[in-house]
Amino acid sequence: MPSFSQMERARSFLQSPTYGNLVTVLSIDGGGIRGIIPGTILSFLESELQKLDGEDARLADYFDVITGTSTGGLVTAMLTTPDENNRPLFSAKDINAFYLEHCPKIFPQDSAPLIGEAVDMVKNLTGPKYDGKYLHNIVKEKLGDKRLNDTLTNVIIPTFDIKRLQPTIFSSYEAKKKSCVDALLSDICIATSAAPTYLPAHHFETKTSTGETREFHLIDGGVAANNPALVAINEVTKEIHQGNSDFNFSTRPTEYGRFLVVSLGTGSAKCEEKYHANDVAKWGLLAWLTSGGSCPLIDVFTQASSDMVDFHLATVFQALNCEKSYLRIQDDTLEKTVSSVDIATKENLDNLVKVGEKLLKKPVSRVNMDTGAFEPAHQSTNEEALVRIARILSRERKVRETQSPHGKAVTSKPN
């Protein structure tokens, strides 16, 4: 099998699932600077694919759908936005370098911690903790004028429309049908990252094919789906039900055995670092927004959302005898500072890299809904599971290329 560097550029796209055996999904949680943790995991997975298929292999060449919320939405765009050669703008190994360089400027830290905490409390009462200007500028600079329908594979990025009080899901599938959804990727990334109390809400407009204006008033997608894996599966299921030719195989929409899902968390605080009822019972609105230097209210709903989606998917895949088709990698042992979404000191960012590296060596785990803790579910480590996943992805790609009557130049996501 020739390496990617030996193929024509047109051959670098993933064939339609119609010509294969699986629907492949990569999901990345929200979590601010903790995006470094899945960044480390993704770098390892891409390196394994490169061992199999050549150094030019990229994650977008293997996943039918890449979905991400908040910081995961930014990573999704980085992995799927085309550069001038119509290849991914970022390789997976570039993600952490981006975070290490830019997070200290997105989340600037006060040089005097005690004074900084007082200033943060005042800011939280009068406006977002950060103005978002650097984030907006760097995202617009990197993603340029690329739109949702330009990505190299299908992407799904949840946001929440604060004006309508309902989720707004930016999906490549919908962008093909509705021009008003085909927004700039920079606007989508800024919106899905606009965590309440941390960054300002984002407003932008798009034009429909008839020239009408569609307004969006958006905040962090974590409000709706901090773990977007289920959102992605739902979008694919809808496409199957509606007869999308990309999924022209004999299957029921609920046949989860067709899915291969890799879901990456961004970590959470260990049990003793979380909140205690005796303390929380005394909290008023201010404490719910500012206790411990973070926003407990956001911590609660994002963590609850992530764990419930994981619990649901793990149960369904297990019940349908396809447990190995779902891999969730998450760490719930983070110390207080490392579990922060915005303490962007060099020391803390470096520690997050170490967390990701250690997580690779830990056993594949599942959340225990009785205790809230992740417990080993297999003897294999996350690293070993990803090696297995890489082999499956490589094999699936080759099967599709062999079975497609159109040759290797046809894509599953036409531009």
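The values are calculated or read from the model by the stated rules, or taken from the named source; none is laboratory data. In this text, all values refer to a predicted model and were calculated from it rather than measured experimentally. Cβ atoms come from the backbone with ideal geometry, glycine included; neighbour counts cover every protein chain shown. Note: accessible area is taken over every heavy atom of the protein model, side chains too, but ligands, DNA and RNA are not part of it. Shrake-Rupley method; radii C 1.70, N 1.55, O 1.52, S 1.80 Å.
In this structure, does D94 turn out to be open to solvent by 40 Å² or more (accessible area, probe 1.4 Å) and among the acidic types (D, E)?
yes
Kindly indicate which of E375, E347 is of a type in the set (D, E) and modelled with pLDDT under 90.
Matching residue, one of E375, E347: E375.
Determine, yes or no, whether I219 is open to solvent by less than 50 Å² (accessible area, probe 1.4 Å), under 22 Å from I162 (Cα atoms) and at pLDDT 85 or above.
yes
What's the total number of residues in the stretch 378-397 that are touching a residue at least 60 places away in the same chain (Cβ under 8 Å) and surrounded by 15 or more Cβ atoms within 10 Å (Cβ to Cβ)?
Qualifying residue count, the stretch 378-397: 11.
Go through T315, T266, T302 for me and flag whichever is more than 19 Å from the chain's Cα centre (by Cα) and not aliphatic (A, V, I, L, M).
Going through T315, T266, T302 in turn, the sole match is T315.
Might you let me know whether the stretch 350-364 holds any residue that is closer than 30 Å to G20 by Cβ and either part of a strand (DSSP E or B) or in contact with a His (Cβ under 7 Å, 6 or more places away or on another chain) (or both)?
Within the stretch 350-364, one or more residues are closer than 30 Å to G20 by Cβ and either part of a strand (DSSP E or B) or in contact with a His (Cβ under 7 Å, 6 or more places away or on another chain) (or both).
Given the conditions (1) crowded, with 24+ Cβ neighbours inside 10 Å; (2) at pLDDT below 95, which single one is not true for Y62?
(2)
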